[in-house]
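Colleague: Handing you a structure now.
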Amino acid sequence: MHFFKWLGIGLILLCGIFAGVCFAAFERRRVAQAEGFLALLRLIRLQIDCFSMPVGHILAACDKEVLSACGATAVPADLGTMLATTRLYLSEDICRLLREFASRLGGSYREEELRCCDYYLARLAPYCDVLRADLARRERMALLLPPALSVAVILLLL
Amino acid sequence: MQCIVVDRRELLPRFLAALLPLRLLEELERTVPGGMFPEELRLRRGRCASVTVGGENLRLATVLGGEEMETLLLQLCTGSLYAHSETLGEGYLVLSNGVRVGVCGHAAVVGGKITGISHISSFSIRLPHKTPPVGGEICALFEELSHTRGILIYAPPGVGKTTLLRGVAVGLAGGAHPRRVAVVDTRGELGAFTEGAELLLDVLMGYPRGRGIGIATRTLSAEVIVCDEIGDLSEAQEIVAAHTGGVPLIATAHAAGIRELLARPGMRLLHEARVFGAYVGLSRASGQFLYTYDVTDWEAADAFF
């Protein structure tokens, strides 16, 4: 009987720790993805500004690490496809922002494209800054809260 | 070199057919006579589309709306309008497979330069076709001129100057005694060559004609330069500079006759510099690739000035 009690306590605690680790990884993943998209938008802007390179070529020539940080598993044909097929960890507002950008990208001439990139960069960059600044705190919360809840559950059950 | 083939079982290149509305494709199938191929397809905002077959314009019932035209423009630009703003300002798009699309609409002009086009009103899609080998006569004429003087081929639009020029470039760059041929392909149409690894061809795709001819002379050590649609005075000066470098030029120009050709700006400069040893007027029966040549040598052309 004691054995099963301790086994149960151990399992609940393990679940709490595992959940904490997962949540912490989620937070890190979210920051990495936000920064990945920020880097990608900057790259797109640069390639349009310097070379007027078509979007498809930009994505094809993009650093694999940047694409991987954004969550893409393969080189996408266009940004819209990439957003549709990638799991996004970002807030709903930012996801909508990125989809808006993807739908507008490529549809106008160079100056307008650059202004469009600047507009969306200006809205994405502060979000990334906040996430980055907050990461340590959120990681701590993620690592501590679930195990603490597990302990609370254990105490309630005992 | 990529082969532009409009298969005898298909009326349009596959990549283009994928962009066009289904109702238009179906009407094309019904309208184009069996065994013939469209030379040009015209799409107009709010007006009937048309197709040119065997030199004849056939009206289609399909009418494209404004949104369809704008969507088609973006698709033709592979989703990146800004990447084609330079050529759009000149009134055309070069698609990746060498198909040229003329584009017109409302131009935005700043300082005399077209900075953008909106409210697209029409597309004129020129469709290259695989043809029997042509240009042998021009190659033979070039031989007669001892490969030191150029040839200018002139004709009104739609006769087949570009097709002929392609054949000439391939003829000179291949065969038992190939020459180093530089092709200044400003509009991306000459690049629709047959795949020939044996051809001694250097293609300057998208280069302005004058600059391309200069580069071909100075850095590519071309033995002959091929260029389509020469016209203005600034190009004439670059061409003369290239000619003094000893590189003959085979080119085309729009003109209905020799008088009209020689009256064009820059032609006097080219003629006096003896850039061209012969001027060749071109004509062709509709639907066939049998050319008729009207050759005027330099001495005879001199009488027109």
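Here, each number is a calculation from the coordinates, and none is a lab measurement. Predicted model only: the values in this text are computed from it and were never measured. Quick reminder, even Gly has a Cβ in these numbers, built from the backbone with ideal geometry, and neighbours come from all protein chains shown.
Colleague: Taking every residue in B:240-248, how many Cβ atoms of other protein chains lie within 10 Å of its Cβ, on average?
Modeller: Average neighbour count from other chains, rounded to a whole number: 0.
Colleague: On to the next question. Enter the mean number of other protein chain beta carbons within 10 Å of the beta carbon of each residue in A:97-107, as an integer.
Modeller: Mean shielding count: 2.
Colleague: Continuing with the same structure: How many Å³ per residue does the convex hull of the Cα positions in segment B:14-126 occupy?
Modeller: Given the Cα convex hull of segment B:14-126, per-residue volume reads 105 Å³.
Colleague: At B:Glu272 and B:Gln75, where each label point lies 7 Å from the Cα along Cα→Cβ, what is the point-to-point distance in nanometres?
Modeller: My value for the distance between the label points is 5.3 nm.
Colleague: Please report the net charge: other residues with Cβ closer than 12 Å to the Cβ of B:Gly55, K and R +1, D and E -1.
Modeller: Value of the local net charge: -2.
Colleague: Taking the Cβ of B:Glu223 as the centre, find all other residues whose Cβ is under 9 Å away and add up their charges (Lys, Arg: +1; Asp, Glu: -1).
Modeller: Result for the local shell: +2.
Colleague: Can I ask one more? For chain B, just list the percent of Cα-Cα distances falling in each 20 Å bin from zero outward, please.
Modeller: 32, 57, 11
Colleague: Going by a ≥ b ≥ c, the root eigenvalues of the Cα gyration tensor, does segment B:136-302 fall in the rounded group (a/c under 1.5), the prolate group (a/b larger than b/c) or the oblate group?
Modeller: Since a/c stays below 1.5, the shape of segment B:136-302 is classed as rounded.
Colleague: If you take every DSSP beta bridge fully contained in the protein assembly as shown, what fraction is antiparallel? Give it as a percent rounded to 5.
Modeller: 60 percent
Colleague: Now a separate question. Answer with one residue from B:Ala253, A:Leu46, B:Thr296: the one whose Cα lies farthest towards the positive end of the charge dipole of the protein assembly as shown, charges on Cβ with Lys, Arg +1 and Asp, Glu -1.
Modeller: My answer, from the dipole projection, is A:Leu46.
Colleague: 5 Å is the cut-off here: which amide hydrogens, built 1.01 Å from N in the peptide plane, fall below it relative to B:Arg149, excluding neighbours closer than 5 in sequence?
Modeller: Under 5 Å from the amide H of B:Arg149 lies no amide H from a residue far enough along the sequence or on another chain.
Colleague: Right, next: Express in nm, to one decimal, how much length is gained between B:Arg259 and B:Thr148 on full extension, taking 0.36 nm for each residue of separation and deducting their alpha carbon distance.
Modeller: Extra length available between B:Arg259 and B:Thr148 comes to 37.5 nm.
Colleague: Suppose we take every Cα in segment A:2-157 and form the convex hull; what volume per residue is that in Å³?
Modeller: It comes to 121 Å³ per residue, whole-number rounded.
Colleague: Run a plain Debye calculation on the protein assembly as shown (Cα atoms as equal point scatterers, no solvent) and give log10 I(q)/I(0) at q = 0.09, 0.11 Å⁻¹, rounded to two decimals, same order as the q list.
Modeller: With one equal scatterer per Cα and no solvent, log10 I(q)/I(0) is -0.74, -0.97.
Colleague: Using the basic label-point model (7 angstrom from Cα toward the beta carbon), what is the A:Ala152 to A:Glu111 distance in nanometres?
Modeller: 5.8 nm
Colleague: Let me confirm one metric for peptide B:80-89, namely the mean number of other chain beta-carbon atoms within 10 Å of its residues' beta-carbons.
Modeller: Across the residues of B:80-89, the mean count of other-chain Cβ atoms within 10 Å is 6.
Colleague: Let me ask something else about it. Is segment B:34-80 best put as rounded, prolate or oblate by its Cα gyration tensor, with a ≥ b ≥ c the root eigenvalues, rounded for a/c under 1.5, and otherwise prolate when a/b is larger than b/c, oblate when not?
Modeller: Oblate, since a/c reaches 1.5 and b/c is not below a/b.
Colleague: Please give the length that would be gained between B:Leu58 and B:Val110 if that part of the chain were fully extended, namely 0.36 nm times their separation in residues minus their C-alpha to C-alpha distance (nm, one decimal).
Modeller: Contour length minus the Cα-Cα distance gives 15.0 nm.
Colleague: Also: With axes computed from alpha carbons, what is the tilt in degrees of helix A:92-104 against the longest principal axis of chain A, rounded to the nearest 10 within 0 to 90?
Modeller: 20 degrees
Colleague: Enter the angle in degrees (range 0 to 90, nearest 10) between the Cα long axis of helix A:110-157 and the first principal axis of the Cα atoms of chain A, meaning the one along which they spread out most.
Modeller: 0 degrees
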